[in-house]
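As structure tokens, the structure follows; a few thoughts come after it.
The values are calculated or read from the model by the stated rules, or taken from the named source; none is laboratory data. Please read all numbers here as calculations on a predicted model, not as lab measurements. Because the Cβ atoms are built from the backbone with ideal geometry, glycine has one as well, and the counts that use them run over all protein chains shown. For the accessible areas, the whole protein counts, side chains as well, though only heavy atoms, and no ligand, DNA or RNA atoms are used. Shrake-Rupley method; radii C 1.70, N 1.55, O 1.52, S 1.80 Å.
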Amino acid sequence: MSNTTYELNKGLAQMLKGGVIMDVTTPEQAKIAEAAGAAAVMALEKIPADIRAAGGVARMSDPKMIREIQQAVSIPVMAKCRIGHVVEAQILEAIEIDYIDESEVLTPADDTYHIDKTKFAVPFVCGARDLGEALRRIAEGASMIRTKGEPGTGDVVQAVRHMRKMNAQIRQVVSLREDELYEEAKQLGVPYDLLAWVHENGKLPVVNFAAGGVATPADAALMMQLGAEGVFVGSGIFKSGDPAKRAASIVQAVTNYEDAKLIAKLSEDLGEAMVGINPEEIKLIMEERGQ
Amino acid sequence: MRIGVLAVQGAFIEHRRMMESLGTECVEIRQKKDLDGIDGLILPGGESTVQGKLLRDLGLFKEVQRLIAEGLPVLATCAGLILLAEHLEADDTTHLGTLPVTVKRNAYGRQLGSFVTRENVGSLEDYPLVFIRAPYIAEASDEVRVLATVDDHIVGVEYQNQIGLAFHPEMTEDCRIHQYFLSKIVK
């Protein structure tokens, strides 16, 4: 991947800022999401809540199903490959996906190595729980980061924890003396150059979205107030009572995340939210995959 | 002077930073009341479907359309150009419709078709042009002045108070287009 390609790929993530990226499993859902104001859709066969319920090995979706979604909408289409599964990523690049999510929601294909994303022209987004994970993924070529949260739970607590932790660590790195950065890079297990960039600029070098457990307009606005630059909503929309209305409300809440009066109105009559489970109640902890 | 940057979705902070680096006051437009007292408006890149919907949902649409029709200077990039266009190719949707051009969305294909090149933009020489899932202008009416073309396709135009660009000057270090826009307001 050339420097220019990497800049263009970071640039696409910048265009998605202030937007909501929605999980969809059919072309019909993709159209509902687009009409509701999704900035992009994530095409996958099963949303995380159903992956949890089904158990077994979760893999990349059928390319035909992804292509049908690409044809159904004009906004960017993303799709997930398993952590470390280079060939699934190559397949997604071959069908000209707009963004690959190397995702812990699927069963990891490699328990040691992530994909060398610098070998691809197509952009990657990766999950992270803290600054170390985020900068390691960026060093591997990711051009966008999202919190891991705990997918498919409808419980926002992990996404909050990850966003707060990452931003607290960034503030701490900013406060260091320059000669302390070498030791900090060693402690975090990240390249010195990337850490020095964070020290200088007080932010990640790529766009950072919230993901994992966002179910309501208030959840989405909470993540924005905590510093997210946009929001992924997975199971929260199409597992709820009135997906189109909930989706449109979350989109508006992300734009006006500080306007409580508006968010109050947006939160009215949304029908049933996804049921939700606590991380303590589940056996499969997806956020621990791929560190 | 005070410039409004439409901030419903997309890369509005990049425009804001560039304007502020030129010493210009900026205000983010998220609701109708934010439009009060602005001397110019920037429509940033992002997703035009999202921005068009939010303009309507948040009650901004008519006011923005009226201000542009009454001569408020506007600089529109990528998705912003799609919002201004009178027509979209192979699409019945029209948003603000104040710029007499026909725009082809995603004209260069998916993200793998995104690219960077250099061309003259009006009187500005050798400008870095960043295209991200970009549109181009398929047709422009005779009163529209063409500012830039790439491979025979129009990618930048000026019409009365409106500048419409298919590319992203805010994603570069080159602020000459923003300076040009400001010079139009001062006049």
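So the check is Cβ under 8 Å with 6+ separation or different chains; which pairs have a first residue in region B:130-155 that's within 14 Å of chain A (Cβ to nearest Cβ) and a second one that's among the basic types (Lys, Arg) and assigned to a loop (DSSP other than H, G, I, E, B)?
B:Arg133/B:Arg110; B:Pro135/B:Arg105
Here's a check for you: in region B:132-183, which residue that is touching a Phe, Trp or Tyr at 6+ places or on another chain (Cβ under 6 Å) and farther than 21 Å from B:Val5 by Cβ is most open to solvent (accessible area, probe 1.4 Å)?
B:His153
When region A:9-33 is examined, which residues are found to be farther than 18 Å from B:Gln111 by Cα, of a type in the set (D, E, K, R) and surrounded by fewer than 24 Cβ atoms within 10 Å (Cβ to Cβ)? Step through it out loud before you land on a result.
Narrowing region A:9-33 to residues farther than 18 Å from B:Gln111 by Cα: A:18, A:20, A:22-33.
Checking which are of a type in the set (D, E, K, R) leaves us with A:23, A:28, A:31.
If the condition is that a residue be farther than 18 Å from B:Gln111 by Cα, of a type in the set (D, E, K, R) and surrounded by fewer than 24 Cβ atoms within 10 Å (Cβ to Cβ), then A:Glu28, A:Lys31 are the ones that fit.
Of all residues in region A:15-30, which are at the interface with another protein chain (Cβ under 10 Å from one of its Cβ atoms) and within 14 Å of the chain's Cα centre (by Cα)?
Answer for region A:15-30, where residues must be at the interface with another protein chain (Cβ under 10 Å from one of its Cβ atoms) and within 14 Å of the chain's Cα centre (by Cα): A:Leu16, A:Lys17, A:Gly18, A:Gly19, A:Val20.
Scan region A:165-182 and report the pairs whose first residue is touching a residue at least 60 places away in the same chain (Cβ under 8 Å) and whose second residue is open to solvent by 80 Å² or more (accessible area, probe 1.4 Å) and not in a helix (DSSP H, G or I), with Cβ atoms within less than 8 Å and a gap of 6+ or a chain change.
Note: no pairs meet the criteria.
In region B:30-49, which residues are of a type outside the set (Asp, Glu) and either within 18 Å of A:Glu258 (Cα to Cα) or more than 11 Å from every other protein chain (Cβ to nearest Cβ) (or both)?
B:Arg30, B:Gln31, B:Lys32, B:Lys33, B:Leu35, B:Gly37, B:Ile38, B:Gly40, B:Leu41, B:Ile42, B:Leu43
Quick check on my filter: what residues within region B:50-66 are facing chain A (nearest Cβ under 10 Å) and either open to solvent by less than 10 Å² (accessible area, probe 1.4 Å) or touching a residue at least 40 places away in the same chain (Cβ under 8 Å) (or both)?
Correct list: B:Val50, B:Gln51, B:Gly52, B:Leu54, B:Leu58.
Quick one: in region B:97-112, of everything that is more than 14 Å from chain A (Cβ to nearest Cβ) and touching a residue at least 40 places away in the same chain (Cβ under 8 Å), which residue is surrounded by the most Cβ atoms within 10 Å (Cβ to Cβ)?
B:Leu99
Could you tell me which residue of region A:65-91 is nearest to the other protein chains (Cβ to nearest Cβ), considering only residues that are part of a strand (DSSP E or B) and open to solvent by less than 10 Å² (accessible area, probe 1.4 Å)? Reasoning before the result, please.
Kept after step one, since they are part of a strand (DSSP E or B), are these residues of region A:65-91: A:77-82.
Imposing the further condition that a residue be open to solvent by less than 10 Å² (accessible area, probe 1.4 Å) reduces the set to A:77-79, A:81.
Details: A:Val77: 8, A:Met78: 10, A:Ala79: 12, A:Cys81: 16 Å.
Ranking the candidates gives A:Val77 first.
In the list A:Val122, A:Val214, which residue meets the criterion of being aliphatic (A, V, I, L, M), in a loop (DSSP other than H, G, I, E, B) and within 14 Å of chain B (Cβ to nearest Cβ)?
Just a single option satisfies the conditions, and that option is A:Val122.
Given the criterion free of Cβ contacts under 8 Å to residues at least 40 places away in the same chain and within 14 Å of another protein chain (Cβ to nearest Cβ), identify the matching residue among A:Ala94, A:Ala33, A:Ala54, A:Ala38.
Answer to the selection: A:Ala94.
Report whether or not B:Val27 is open to solvent by 20 Å² or more (accessible area, probe 1.4 Å), within 14 Å of chain A (Cβ to nearest Cβ) and outside any helix (DSSP H, G or I).
no
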